[in-house]
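Step one of this worksheet: look at the structure below.
The values are calculated or read from the model by the stated rules, or taken from the named source; none is laboratory data. Being a predicted model, the structure only gives us computed values, none of them experimental. Note that we place each Cβ from the backbone using ideal geometry, even for glycine, and neighbour counts take in every protein chain shown.
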Amino acid sequence: MKITFWCFTCILILIGCEENTTKTDQQINTIKPKYITEATKHDTDDPAIWIHPTNPALSLILGTDKDEDGALYVYNLEGKIIQNKVVGGLKRPNNVDVAYGLQTPFGIFDIAIVSERLTGKIRIFSLPDLKEIDGGGIAVYIGENEKDYRDLMGIAAYHDKQTNKIYVIPGRKYGPTDGTYLWQYELYGDQESKTVKARLVRKFGQFSGQKEIEAIAVDNELGFIYYSDETFGIRKYHANPSKGNEELALFGTKDFTEDNEGISIYNKDEKTGYILISDQQRNTFNVYPREGAVNNAHKHKLICRVPLQTVGSDGNDVTPLRLNHHFKTGLFVAMSEPKVFHFYEWNDLERIIKKK
């Protein structure tokens with residue numbers, strides 16, 4: 001009986017949420033994905049979820065394959081590649097994000113936004129047909145001449161519901177440490193060329209100078225931008241340019257093995273939920289309260305670490321919506337080596353988080 005009780009206790013520890021402790025490799029990787037995607041040709045990096053407006057079961061998962069001969073892959077909810085939607089010929093596409101309802105003089109579009117590293121351009125494709133609507137790409141960080149200052153990496157979209165404007169925040173391999181690392185652009189449609197273009201609206205964002213800024217995520221409802229200053233911490237700013245460039249928070253500075261990577265935001269309701277950030281070398285995801293702490297909305301203390309079967313995960317995305325009978329409580333998607341993405345039923349993560 002003592003042996004049985006000890007084993008049962010070990011099992012509870014293994015499936016419980018790891019909090020402020022380091023576990024062995026055997027103790028990590030406990031949650032299994034519902035699906036693992038078909039492999040890409042080169043090197044997966046970042047996913048994004050597009051929700052179908054009338055039939056969530058037809059929603060799409062987008063994922064970058066970063067190489068000089070790169071592509072934006074498109075998957076169904078079982079991880080199968082939809083070949084006729086894959087966008088090839090991209091020059092090292094790093095990250096991807098999705099925005100809904102971009103209004104232009106020539107139509108209203110849901111869009112996929114991709115950072116194309118080797119060209120210094122952001123790429124815009126309509127959804128769900130994945131047609132190019134950017135005239136071959138939009139050059140950003142124009143005038144920056146230092147090494148790696150125009151090598152695009154992360155990308156995030158912000159939809160201001162009050163003005164109905166859509167903004168894009170691209171990250172880059174390296175940049176200044178004077179508080180202008182990130183540049184934010186407003187997207188708009190040009191009637192004459194019938195393409196999407198962008199205008200620069202602000203420069204902001206502190207940088208430690210230690211590594212790079214790739215992972216960027218926006219909380220559209222609460223209006224905040226989060227980004228990973230890799231090996232240093234996670235920084236938080238207002239998403240609306242009119243609210244200024246003050247840094248609102250720096251957190252997670254001691255919570256990661258090495259790289260703090262991909263960020264996604266799970267909305268439980270309008271104001272609460274979780275911020276999930278990849279601890280790349282630990283193969284876990286750190287969970288923080290979206291709403292912050294009592295009396296301080298910008299204090300984000302580690303809740304726990306969730307162990308998944310991903311390996312070396314860069315990017316991730318999440319939705320709380322029911323998509324089909326496999327993803328009844330939502331979907332968490334994360335990049336994993338080698339060349340794949342993992343699809344997790346949200347409730348499998350939620351059970352672990354609630355054991356904190």
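Okay, residues lined up against (1) surrounded by fewer than 21 Cβ atoms within 10 Å (Cβ to Cβ); (2) in contact with a His (Cβ under 9 Å, 6 or more places away or on another chain); (3) closer than 18 Å to Glu247 by Cα:
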position	(1), (2), (3)
Ala157	no, no, no
Lys161	yes, no, no
Asp178	yes, no, yes
Tyr181	no, no, yes
Leu200	yes, no, no
Ile216	no, no, yes
Phe224	no, yes, yes
*Look at Thr310 and say whether it is farther than 21 Å from Thr44 by Cβ and either surrounded by 24 or more Cβ atoms within 10 Å (Cβ to Cβ) or hydroxyl-bearing (Ser, Thr, Tyr) (or both).*
no
*What about Ile61, is it in contact (Cβ under 8 Å) with a residue 24 or more places away in the chain and in contact with a Phe, Trp or Tyr (Cβ under 7 Å, 6 or more places away or on another chain)?*
yes
*May I ask you to verify whether Ala71 is within 13 Å of Arg92 (Cβ to Cβ), small (Gly, Ala, Ser) and either at pLDDT 95 or above or crowded, with 18+ Cβ neighbours inside 10 Å (or both)?*
yes
*Can you work out which of the residues in the range 24-60 that are modelled with pLDDT under 95 and either surrounded by fewer than 16 Cβ atoms within 10 Å (Cβ to Cβ) or touching a Lys or Arg at 6+ places or on another chain (Cβ under 8 Å) (or both) is farthest from Asp129 (Cα to Cα)?*
Thr24
*Hey, Tyr100 hits all of (1) outside any strand (DSSP E or B); (2) surrounded by fewer than 20 Cβ atoms within 10 Å (Cβ to Cβ) but one; which does it fall short on?*
(1)
*Determine which member of the set Gly205, Gly120, Gly171 is touching an Asp or Glu at 6+ places or on another chain (Cβ under 6 Å), of a type outside the set (A, V, I, L, M, F, W, C) and surrounded by 17 or more Cβ atoms within 10 Å (Cβ to Cβ).*
Gly171
*Please go through the range 109-128 and pick out each residue that is of a type in the set (D, E, K, R), in a strand (DSSP E or B) and touching a Lys or Arg at 6+ places or on another chain (Cβ under 6 Å).*
Glu116
*asked:* Taking the criterion of being of a type in the set (Val, Ile, Thr), touching a strand residue (DSSP E or B) at 6+ places or on another chain (Cβ under 9 Å), at pLDDT 95 or above and crowded, with 21+ Cβ neighbours inside 10 Å, would at least one residue in the range 227-248 satisfy it?
replied: yes
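Here's the yes/no breakdown for (1) under 16 Å from the mean Cα position of the chain (by Cα); (2) modelled with pLDDT of 95 or more; (3) basic (Lys, Arg); (4) surrounded by fewer than 18 Cβ atoms within 10 Å (Cβ to Cβ):
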position: Leu302; (1), (2), (3), (4): no, yes, no, no
position: Asn316; (1), (2), (3), (4): yes, yes, no, no
position: Thr329; (1), (2), (3), (4): no, yes, no, yes
position: Glu337; (1), (2), (3), (4): no, yes, no, yes
position: Tyr344; (1), (2), (3), (4): yes, yes, no, no
position: Ile352; (1), (2), (3), (4): no, no, no, no
_Checking the structure you have, find out if any residue of the range 222-229 is more than 24 Å from Thr163 (Cα to Cα) and of a type outside the set (Lys, Arg)._
yes
